[in-house]
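Participant: Structure in structure tokens, see below.
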Amino acid sequence: MIKTQYSPNKVFTFLSLLILILFSSNFATAQQTRGIVKGHVKIYNDGPAENVSVSLKGTKYGTITDENGDFTLRVPQGKYTLVISHVSQKAQEAQVEVLAGHPAVVNFTLAESANQLNEVAISGKRQKYKVDAPSNSLRLDEPLLQIPQNIQVVTSQVLADQQVISMSDGLIRNVSGAVRLEHWGDMYTNITMRGSQIQAFRNGFNVVSSYWGPLTEDMSFVDHIEFVKGPAGFMLSNGDPSGLYNVVTKKPTGQTKGEVSFTTGSFNLNRATLDLDGKLSKDGKLLYRLNLSAQNKNSFRPNEFNDRYVIAPVISYQIDDKTKLTAEYVYQKAHMSDVGSYYVFSPKGYGVLPRNFTQLPAGLPPTNINDHSFSLNLQHQLADNWKLTAQAARYYSTQLGTSMWADTVFADGRYVRNAGIWEAESSMSLAQVFINGKVTTGSVVHKILGGVDIADKKYVADYAQTKSLDTKETPFDPYADGIPTLNNPANGYPTFDRSLNLEARAAAGFGLINSRYSSLYVQDELGFFDNRVRVTLAGRYTSIQMSDFNTPEEAKHFTPRFGLSVSIDDQTSVYGLRDQTFLPQAGRVSVGKLQPLTGTNTEFGIKKDWANGQWNTTLSVYRILRNNELTADPNAAPGSNLSIIFGQKKSQGLEFDLRGEILPGLALTANYAYTDSKVSKVNPDLAASPDNIIKVGDIVPGYAKHVANTWLSYKLGSGVLKGSGVSLGGTYLAGRQTDTWSVGLEKLPNYFKMDAGLFWEGAKMRITGNVFNVLDKYTYSGSYYSFLNAYYWQADAPRNYRLSIAYKF
């Protein structure tokens, strides 16, 4: 385990002082008056022109258009010649005068068709690993460099290079401090960051309806993923203060194009995807996007499989020049083995059984999940500087399967397997309306954000019925030759009583999980000194009613937000943030008084673009306080769902992220996070309990103290091997903390895994081959469970490969 020679408090103080020093020494040099040039580039009789080069002749200033054909340049006042360049036609020019406080707007139209545009190289380089602005679903109408918060974006190119096929498939290596110490296979993502599990979003909607969901997204319909660290009042207030991730799905682009891909690999992986993008009307107002995928996949453990199927159509209609309506439907079907089969139990320590060991008998019924979502999004340009967005969604999911665990673990390593029913139904109705605007009062520019969020969520599940597969007289023996009891459990396979409907069974069991909330928020970002200094003042008022396990809870709360972001120069900014969140808690409490969780985050950071924006770095330091947190009772029996209020938790640390093209052809993602999460206060009721094992200063379970990741990709740009490339990546975890309060004699060892690959990319085709776990390490995550007096763990796959072929047309 790594020994650190510095305390978290000293690190926090040091970086805070460093930011202030940078600000005081550099701000004076950045006071020249600046203005903005912005505009839109489109294709004649077609949609927006993406990745077209935009520059000011004779200067260093330049950029490329985004997916909507828009561009923005911040430059000193003066008169310029604006150049739109595209290799298939003569460059277009326009004269423009830039004045502070009065954006200059210039629009262009390309004569080429979308097909012609796709067939030629664009002079402005496409950013493979780095983006400069968040999606519209994050509601922030400004560059990432100027936002007073640590936001990291994993692009579609990164997903393709690393052959990520689902949210739970190695994605988190691209974000500092993100871990899955206790994972749920490919059923649920459940990412931990900054000491707690973060919230799951899709297209700006909070799609968490229970402790376990949502179903992890297949990457076939995903464009990119945004990670927002810490509380984010512009997105939510009733959630964990550690942050959230936002999955942004693919939308129509207005260009007629398509891509088909096939992936094969170890464990009988066979996967095919189809992505179609085009127009349904000649005038280009009615567009579509269709993504399809089908996957069959087994495992390195016997009897395990994971089949996934996706249908995801999207239609958008440009009603007029100012209004656009988008309708999207996603259907995901999962047909997979029991998720509890990943666990292994032993009183003898971690990793004492072969990596491919399984407790799953072949006769246990599979788990089937049918996940539907439908959404409508309306965007309307009210005026030049005012935009209204309204969206609504309906999510509905059903699950039928089982979940395995252990009833009893004997000292000799034999144990009694248990299979519990897991039949569930999740439904969510979600709605949002928000407005972005800009006004100027004197020399101050106000960026206004305000809106309303409404949600009604219900999770109904029967997991109270269980059956032991084995008996104490004839337990399951992991050490027996051939494991004769694997597929012949002594007590047979379970049959469950479904005479009552699901809701009646759930209510009679552990109860229902539901929540209903509405919230109103407003934010004003005030820009001073030609927007070099930006002050964010915001607040959100939330009213929520919820019930977990038949325990109701209701709360109303106001959460303020204050942020400061300062541009030292065009490519460097420093920021400070103080934000709050709260979360009503409901459940069966054995110790303490049930009340809402409240969290406060204090954070400072430095963001910098390098090499004219080709790559960037973010360094942040934070401190999060969580009060009245509900956690599982470490002394309770499994399945009891009893919880305790343990007091206050303090999480603090630092994070560093680097991403982009650092040299021509050399793209890099690298990150490191130091996390320290400890108990700072103990609930008096808990401290007085004779069974209490939690004390001030105890390490809070569920994270890794040191997390380091890297992924490097190098592509040859010339010569005989032009288009060929090599990739190399690694993940290192140290100081891993288990996911429960139980303390065993053995700690989780440090974790290291290395991946490597080769690829070739031409104008139409890309071939990618990766080898994962190159060193064939026996890696795993797990914990010690005091109720069973045993360790349990989940092993990662041994050395394995994937080969993908993608063709664009």
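Participant: Of Leu56, Leu748, Pro313, which is farthest on the positive side of the dipole of the chain, counting Cα position, with +1 on Lys and Arg Cβ, -1 on Asp and Glu Cβ, and the Cα centre as origin?
Facilitator: Leu56
Participant: Count neighbours as other Cβ atoms within 10 Å of each site's Cβ, and list the trypsin sites (Lys or Arg not before Pro) in region 563-615 that are DSSP loop with at most 13 such neighbours.
Facilitator: Answer in residue order: Lys593.
Participant: Mind ranking 68-79, 487-498, 245-256 by how tightly packed they are, going by the mean number of other C-beta atoms within 10 angstrom, highest first?
Facilitator: 245-256, 68-79, 487-498
Participant: Now for a different question. Compute the length gained on full extension between Leu721 and Ser518: take 0.36 nm times their separation in residues and subtract their Cα-Cα distance, giving the result in nm to one decimal.
Facilitator: Going from the current span to full extension adds 67.3 nm.
Participant: Quick one: net charge of Leu712's neighbours, Cβ under 13 Å, K/R +1, D/E -1?
Facilitator: Charge balance near Leu712 sits at +1.
Participant: By the gyration tensor of its Cα atoms, with a ≥ b ≥ c the square roots of the eigenvalues, what is the shape of region 309-432: rounded for a/c under 1.5, prolate for a/b over b/c, or oblate?
Facilitator: Verdict is prolate for region 309-432.
Participant: Can you give me the distance in nm between label points at Asn612 and Gln381, each placed 7 Å from the Cα along the Cα-to-Cβ direction?
Facilitator: Result for the modelled spin labels: 2.9 nm.
Participant: For each pair in Lys57/Lys387; Lys229/Lys650; Lys279/Lys808; Lys297/Lys808; Lys715/Lys764, compute the distance between the two Cα atoms and list the pairs where it is over 22 Å.
Facilitator: Too far apart for the 22 Å limit: Lys57/Lys387; Lys297/Lys808.
Participant: Also, I was wondering about something else. Could you size up the charge dipole of region 256-388 around its Cα centre, putting +1 on the beta carbon of Lys and Arg and -1 on that of Asp and Glu, and report it in debye to the nearest 20?
Facilitator: 260
Participant: Give, in nm to one decimal, the length gained when the segment between Val433 and Leu280 is fully stretched (0.36 nm per residue of separation minus the Cα-Cα distance).
Facilitator: Extra length available between Val433 and Leu280 comes to 52.3 nm.
Participant: Quickly work out the Tyr396-to-Ala756 label distance, labels modelled 7 Å from Cα along the C-beta direction, and quote it in nm with one decimal.
Facilitator: Modelled inter-label distance: 5.1 nm.
Participant: Name the trypsin sites (Lys or Arg not before Pro) in region 433-483 that are in a loop by DSSP and that have at most 14 other C-beta atoms within 10 Å, would you?
Facilitator: Those satisfying the criteria are Lys472.
Participant: Moving to a separate point now. In terms of Cα to Cα distance under 20 Å, which aspartates and glutamates are near enough to Lys747, apart from those fewer than 8 places away along the same chain?
Facilitator: Those aspartates and glutamates meeting the cut-off are Glu182, Asp676, Asp698, Asp739, Asp796.
Participant: Asp307 label point, 7 Å along Cα→Cβ, cut-off 16 Å on backbone N: hits in region 361-402?
Facilitator: 363-371, 400-401
Participant: Of Trp212, Tyr732, Gly420, which is farthest along the charge dipole of the chain in the positive direction, counting Lys and Arg as +1 and Asp and Glu as -1 at C-beta?
Facilitator: Tyr732
Participant: Amide H of Gln523 versus every other amide H placed in the peptide plane: which residues, excluding those fewer than 5 positions away on the same chain, fall under 5 Å?
Facilitator: So Gln523 has HN proximity to Leu449, Gly450.
Participant: Right, another one. Per-residue ellipticity at 222 nm for the chain, helices alone: DSSP H runs ≥ 4 residues times -39500 (n - 2.57), over residue total, nearest 500 deg cm²/dmol?
Facilitator: -1500 deg cm²/dmol
Participant: Can you tell me the FRET efficiency between Lys808 and Lys38 if r is taken as the Cβ-Cβ distance and R0 is 25 Å, rounded to the nearest 0.05?
Facilitator: So, using R0 = 25 Å, E works out to roughly 0.25.
Participant: Do any of Lys467/Lys753; Lys257/Lys285; Lys130/Lys333; Lys457/Lys649; Lys42/Lys324 go past 26 Å between their Cα atoms, and which?
Facilitator: Lys467/Lys753; Lys130/Lys333; Lys457/Lys649
Participant: Subtract the Cα-Cα distance of Leu663 and Ile448 from 0.36 nm times their separation in residues, and report this length gain in nm to one decimal.
Facilitator: 73.6 nm
Participant: Still on this structure: With the cut-off at 17 Å, report for region 136-249 the share of all Cα pairs above it, as a whole percent.
Facilitator: So the pairs more than 17 Å apart make up 51 percent of the total in region 136-249.
Participant: Further, regarding this structure: Around His335, under 10 Å between beta carbons, what's the net of Lys plus Arg minus Asp minus Glu among the other residues?
Facilitator: Taking every other residue near His335 into account, the sum is +1.
Participant: Against the longest principal axis of the chain, how steep is helix 8-26, in degrees 0 to 90 to the nearest 10, with axes from Cα atoms?
Facilitator: 0
Participant: Another one. Taking a ≥ b ≥ c as the square roots of the Cα gyration tensor eigenvalues, with a/c under 1.5 meaning rounded and otherwise prolate when a/b beats b/c, else oblate, which class fits the chain?
Facilitator: Judged from the Cα gyration tensor, the chain comes out prolate (a/c at least 1.5, a/b above b/c).
Participant: Under a crude label model (7 Å from the Cα following the beta-carbon direction), how far is Arg578 from Asn487 in nanometres?
Facilitator: Output for this residue pair reads 6.5 nm.
Participant: Next up: Charges at C-beta only: +1 for Lys and Arg, -1 for Asp and Glu. How large is the resulting dipole of the chain about its Cα centre, in Debye rounded to 20?
Facilitator: The calculation lands at about 1440 debye.
Participant: What net charge do the residues around Tyr672 carry, taking every other residue with its C-beta under 9 Å from that of Tyr672, with Lys and Arg at +1 and Asp and Glu at -1?
Facilitator: Taking every Cβ under 9 Å from that of Tyr672, the sum is -2.
Here, each number is a calculation from the coordinates, and none is a lab measurement. All values reported here derive from a predicted model rather than from experimental measurement. Note that each Cβ is placed from the backbone with ideal geometry, even for glycine, and that neighbours are counted across all protein chains shown.
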